[in-house]
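Visitor: Structure incoming, see below.
Read-outs throughout are calculated quantities, based only on the coordinates presented, and are distinct from any laboratory measurement. Note that the coordinates shown come from a computational prediction; the quantities given were computed from them, not determined experimentally. With ideal geometry, Cβ positions are generated from the backbone for all residues, glycine too; neighbour counts draw on all protein chains shown.
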Amino acid sequence: MKTLVRPVTEADLDRLVELNRASVPAVNDIDVDEMRWLVEHAELAVAVIDASKADTAHPDTAHPGAVLGFVLALRPGLDYASENYRWFSERGADFLYVDRIVVADGHRSAGLGAALYGAVFERARAVGAVEVECEVNVEPPNPGSMAFHARLGFTEVGRQSTKGGAAVVALLVCPLAG
């Protein structure tokens, strides 16, 4: 299947929420209003779509169901209550934080996550970030995501308990060269 990475549109929001909910507990559950806020405040909000369902002249008009995954990445300085975002914000100000990356079940291990992260790394370099940051659950465990992030060059720089002790996350950083 041929895919395309393109900016998220308003028409995608319901599909993003659907994909996000299907990925809980790897990501936290949010409603459409929270998703809209994140997209509006994101430095990068892109989706990977099934290109066969896109109008090649206007790929932003693809049917929302064509969205197979997405990533939302934030710059420092937002008034955002995420415990993990705040942890990284206290650590420094030259980063791009991956708030969530989601790939639809049945499409994982097909290179879509790597394509989304390619867009993240490109944007991080463009805005002068020195590293890309994220977190991955270690309780409940998410070994597939930990292995994926390790392959991309992420290393663990800390851990913290979140959601009132319901989860423990590994805080990960990938430095950007030059």
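Visitor: Calculate the FRET efficiency for Ala11 and Thr155 from the Cβ-Cβ distance with a Förster distance of 35 Å, rounded to the nearest 0.05.
Guide: Numbers: r = 37 Å, r/R0 = 1.06.
Once the sixth-power term is evaluated, E becomes 0.40.
Visitor: Give the angle, between 0 and 90 degrees and rounded to the nearest 10, that separates the Cα long axis of helix 143-152 from the longest principal axis of the Cα atoms of the chain.
Guide: Value to nearest ten degrees: 90.
Visitor: Could you list log10 I(q)/I(0) for the chain at q = 0.10, 0.11, 0.18, 0.20 Å⁻¹, which the Debye formula gives when each Cα is one point scatterer?
Guide: So the normalised log intensities work out to -0.36, -0.43, -1.24, -1.53.
Visitor: Using amide H atoms built 1.01 Å from N in the peptide plane, name the residues 5+ places from Leu44, or on other chains, whose amide H lies under 5 Å from its own.
Guide: The answer is Ala73.
Visitor: May I ask for the angle, rounded to the nearest 10°, between helix 13-22 and the longest principal axis of the chain, with both axes built from Cα atoms and the value confined to 0 to 90°?
Guide: 60 degrees
Visitor: For segment 79-93, in order, what is each residue's ³J(HN,Hα) by Karplus, 6.51 cos²θ - 1.76 cosθ + 1.60 with θ = phi - 60°, in whole Hz (x at glycine and Pro)?
Guide: 8, 10, 7, 4, 4, 6, 4, 4, 4, 5, 4, 5, 7, x, 10
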